Amino acid sequence: VQPEEFYEDMHFWRSAVDNYWSLLTPLIFSDHPKRPGDEDPLPPYNMIRNVMDMSSNYGGLNAALLEEKKSVWVMNVVPARASNALPLILERGFAGVMHDW
């Protein structure tokens with residue numbers, strides 16, 4: 001893995017997480033139930049718990065979610081026909097598998 005590729009992947013996923021989260025936030029909080037007697041209850045911190053990155057390069061989505069302090073469990077899936085980045089993902093402490101869809 002070249003440092004430039006790794007940096008580009010991290011930069012892409014940092015930007016993507018910001019965009020995805022801003023798009024998902026209204027949907028996540030739109031169905032938050034009001035409790036009886038509550039004027040304006042606080043929305044849940046995070047209703048998204050599990051994410052599958054079906055074409056994980058280096059675990060960049062997982063790392064970007066952790067940097068943003070989103071408590072999301074990510075399954076990093078490396079396609080069997082892609083270069084084998086699974087050892088790098090596992091070395092970073094992330095969950096991952098290699099799979100041929």
Within-14-Å neighbourhood charge of Pro79 [Cβ basis; K, R +1; D, E -1]: -1
Where labels lie 7 Å past Cα in the beta-carbon direction, separation of Tyr7 and His99 in nm: 3.3
Solvent exposure of the stretch 44-101 as accessible area per residue, Å², 1.4 Å probe: 59
Amide H within-cut-off set for Met75, under 5 Å, with H built and near neighbours excluded: Val51, Met52, Asp53
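The values are calculated or read from the model by the stated rules, or taken from the named source; none is laboratory data. Please read these numbers as outputs of a predicted model, since none were measured by experiment. Glycine also receives a Cβ, built like all others from the backbone with ideal geometry; neighbour counts cover every protein chain displayed. Side chains included, ligands, DNA and RNA excluded: accessible areas come from the protein's heavy atoms. Shrake-Rupley method; radii C 1.70, N 1.55, O 1.52, S 1.80 Å.
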